[in-house]
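Contents: one structure, followed by commentary.
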Amino acid sequence: EMSPTQEIQTFMNVAERLLCCKPTAQVDRLTTAMDDQNLVSLAQNGDMDAQEAIIRRHWGLVKVRARRYFIPGADREDLTQEGLLGLMKGIRDFRANAGCSFRVFAELCITRQIITAVKTANRLKHLALNHSCSLHAPLGGERDGKCLLELLPAEVLQEEAPAAQESQLKSIAKAKEI
């Protein structure tokens, strides 16, 4: 059983190999010679080539599933990454004796991961983030160069800072009382 940190590192390694490298001869051989159940079994036992082979085999499915959804303020690649994460969880959790094929199970894991990401991003607590604009973003396109922060009067910025610091200090004091 991998720790969450190890899972994240594995995810990052696989994503990097998928994005910037051609498959090795071993991965090509595994992809063509073995079925999903055998590849998943090898991947579950730590074979990174088998994991890469199964991910490459189902990469199209991840992209098709990601294309069906939208997150405000996110890139299409964000949903593809969520789908990839779902596929990796599917590899980790698949049980051959459960009575369904890996493809069906993977499709379910990919879709659920993407839907969870969409629901999480659209929760009301993220409303301010989804509909906000940066104070540092250029106004009027790139050619103007001015940002909103530069247009605010200096008095406003100076008045806001002490109030924010005072609010933070009150929060810390309340936390210490509890």
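Tabulated data
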item: Condition check for residue 28: more than 23 Å from residue 100 (Cα to Cα), acidic (Asp, Glu) and more than 21 Å from the chain's Cα centre (by Cα); result: yes
item: Selection status of residue 16, in a helix (DSSP H, G or I), under 21 Å from residue 95 (Cα atoms) and of a type in the set (D, E, K, R); result: no
item: Matching residues in segment 37-56 - criterion: being acidic (Asp, Glu), assigned to a helix (DSSP H, G or I) and open to solvent by 30 Å² or more (accessible area, probe 1.4 Å); result: 49
item: Residue that is farthest from residue 83 (Cα to Cα) [pool: residues in segment 12-56 that are in contact (Cβ under 8 Å) with a residue 12 or more places away in the chain and β-branched (Val, Ile, Thr)]; result: 24
item: Segment 57-105, subset within 14 Å of residue 15 (Cβ to Cβ) and free of Cβ contacts under 8 Å to residues at least 24 places away in the same chain, residue most open to solvent (accessible area, probe 1.4 Å); result: 77
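The values are calculated or read from the model by the stated rules, or taken from the named source; none is laboratory data. Every value quoted in this text rests on a predicted model; they were computed, and no experiment measured them. Here the Cβ is made from the backbone with ideal geometry for all residues, glycine too, and neighbour counts use every protein chain on show. To get the accessible areas, we keep the full protein, side chains included, count just its heavy atoms, and leave off ligands, DNA and RNA. Shrake-Rupley method; radii C 1.70, N 1.55, O 1.52, S 1.80 Å.
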